[in-house]
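Below you'll find the structure, written out as structure tokens, and then a few comments.
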Protein chains: 2
Amino acid sequence: MSTQPMRYPPVHELSSEECWARLRTMVVGRLALAGKEHPELFPVNYVVDRGTVVFRSDPGTKIAASMDQARVAFEVDSFEPATNEAWSVVVKGSLEPVLQTADVIDAISLPLFPWQWGSKGFFVRIVPASLSGRRFVVADPGHWASQLMGIRRSSDE
Amino acid sequence: MSTQPMRYPPVHELSSEECWARLRTMVVGRLALAGKEHPELFPVNYVVDRGTVVFRSDPGTKIAASMDQARVAFEVDSFEPATNEAWSVVVKGSLEPVLQTADVIDAISLPLFPWQWGSKGFFVRIVPASLSGRRFVVADPGHWASQLMGIRRSSDE
């Protein structure tokens, strides 16, 4: 609709390296799965491990989906008050259960602290097919500063 | 897997009123749509308006999905340092474009500040089919406090 495209600061695409670096700075992301009527969408605690995203879960929708190697999307975002920049990273890929004993032992050693209490005895891995990210100056820093004041800065900024 | 269910603090389901109250405290949520290969997942700025969730968008995936009244999921979460409680709310429903002149005029008056610069000339509404929410004490407050220090508290706590 705009006839003056130059009045807006640009959206910067993040490189694959930048996407991974930013994924490593956060601990909660959101996992989207195809659902029967509507998509399923869950917040999950995660950790980056050797080019994949790993999280723990109890038996349920996410574990069942991992058995089917479901196609998923996983998103992480944040806001950096110091620069008024917002960013988001989206990983698209397949869920895979961590089943082999050696893999489970590896996974247990990951610094993965589930958000929610419970046994969370299963590990699930998102194996990426694509990775994309963007950062941009927020449109109304005053509004955003008041709304998002104090969200931690990512350590690589 | 646990044989000692009592060792974990409970997960509290949020009532519909509590879900709406918490949705009103935040400004960024994540929208999941069915996708061709993988689900689509976007961070969006939103506002609650008369029992729906409204956001602005430029022409693209989300607008096209709204024309098809796509089934979507929308999620908002936060962490309250004062109580070590995390919470999340998920709205499942259908996207609807805001097309009628009177509705567009109404929508323009909403306190909706897009995260990203651009014209964002279209309004889209999520009409809920279901609403669910939960809150729980985080499993490792020390870890979480360092990771999430300072995320704003919702005003209804």
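Suppose you put the label 7 Å out from Cα in the Cβ direction; list, shortest first and in nm with one decimal, how far A:HIS12 is from each other copy's label.
Result, one decimal in nm: 4.2.
Give me the extension gain from A:MET67 to A:VAL127: residue separation times 0.36 nm, minus the current Cα-Cα distance, reported in nm with one decimal.
20.3 nm
Report the normalised scattering of region A:10-141 as log10 I(q)/I(0) at q = 0.16 Å⁻¹, calculated by the Debye formula with identical scatterers on the alpha carbons.
-0.81
Bear in mind these aren't lab numbers, they're just calculated from the coordinates by the rules spelled out. For clarity, every value in this text was computed on a predicted model and none was experimentally measured. Glycine also receives a Cβ, built like all others from the backbone with ideal geometry; neighbour counts cover every protein chain displayed.
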